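A.B. asks: Below is the structure I would like to discuss, written out as structure tokens.
Coordinate-derived values only; no laboratory data. Since we're looking at a predicted model, the values are computed, not measured. As a convention, Cβ positions derive from the backbone with ideal geometry for all residues, glycine included, and neighbour counts pool all protein chains shown.
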Amino acid sequence: MPMDKQSLEQTLTETQNPTPNYNDGDQAYKALGELDGITRLVNRFYELMDSEPHARELRDMHPADLTGARNKLVAFISGWSGGPALYAERYGGRSLAMTHKHFIIDNDTTRSWLDCMQQALADMGYEPALQEYMNSKFYGPAQSIQMMSEFEQNRPVMKGSYHDPL
């Protein structure tokens, strides 16, 4: 059965411009714009956290000066996306969940973090496939951090919603 013109053009476009495998080496790091792009992403993320009413509780968990938090998040995303392992070099191999366990993190604060990051990725104009990949990658650590926080605070761990998307 012959392909119609639109299907043929779509197939040619996909062949010429395949979606990168962001799990492959430093593909995600490069697609994010390396350190400069990650720094812009993190700056936008914290601008959103500062300005979005739904993120107020999350913002209040941070110091007034966000310089340290920005540097740590840039370093984390760099290594996590396949670039230089700056977080491990600078801060050691700390567990994100253990690092955040003293905060009271619930479904609302987890959702606020993920929403701010999702909006920052969109605002940066990244390709939809990269946005989807990064959003799905951030979900796991966010859930682990929340679970550890709830465990440490002797609160119900995830209230039965661990497998439910936020």
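A.B. asks: Looking at the stretch 40-58, is at least one residue within 17 Å of the chain's Cα centre (by Cα), hydroxyl-bearing (Ser, Thr, Tyr) and outside any helix (DSSP H, G or I)?
C.D. replies: no
A.B. asks: Among the candidates Gly33, Gly68, which residue alone is under 15 Å from the mean Cα position of the chain (by Cα) and more than 15 Å from Phe138 (Cβ to Cβ)?
C.D. replies: Selected residue: Gly33, the only one of Gly33, Gly68 that is under 15 Å from the mean Cα position of the chain (by Cα) and more than 15 Å from Phe138 (Cβ to Cβ).
Let's see how each residue does on (1) of a type outside the set (Lys, Arg); (2) over 18 Å from Tyr133 (Cα atoms); (3) surrounded by fewer than 20 Cβ atoms within 10 Å (Cβ to Cβ); (4) in contact (Cβ under 8 Å) with a residue 12 or more places away in the chain:
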position: Ala28; (1), (2), (3), (4): yes, no, no, yes
position: Asp36; (1), (2), (3), (4): yes, yes, yes, no
position: Arg56; (1), (2), (3), (4): no, yes, yes, no
position: Leu66; (1), (2), (3), (4): yes, yes, yes, yes
position: Tyr91; (1), (2), (3), (4): yes, yes, yes, yes
position: Trp113; (1), (2), (3), (4): yes, no, no, yes
position: Met117; (1), (2), (3), (4): yes, no, no, yes
position: Ala120; (1), (2), (3), (4): yes, no, no, yes
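A.B. asks: When you check Leu86 against the structure, is it touching a helix residue (DSSP H, G or I) at 6+ places or on another chain (Cβ under 9 Å), surrounded by 15 or more Cβ atoms within 10 Å (Cβ to Cβ) and without any contact (Cβ under 8 Å) to a residue 60 or more places away in the chain, yes or no? Walk me through it before giving the result.
C.D. replies: Working: touching a helix residue (DSSP H, G or I) at 6+ places or on another chain (Cβ under 9 Å): yes; surrounded by 15 or more Cβ atoms within 10 Å (Cβ to Cβ): yes; without any contact (Cβ under 8 Å) to a residue 60 or more places away in the chain: yes.
Answer is yes for this residue.
A.B. asks: Further question on the same structure: Mind counting the residues in the stretch 132-150 that are without any contact (Cβ under 8 Å) to a residue 12 or more places away in the chain and not charged (D, E, K, R)? Break it down stepwise before answering.
C.D. replies: Here is the first cut: in the stretch 132-150, the ones without any contact (Cβ under 8 Å) to a residue 12 or more places away in the chain are 132, 136, 140.
With not charged (D, E, K, R) added as a condition, the list becomes 136, 140.
Of the residues in the stretch 132-150, 2 are without any contact (Cβ under 8 Å) to a residue 12 or more places away in the chain and not charged (D, E, K, R).
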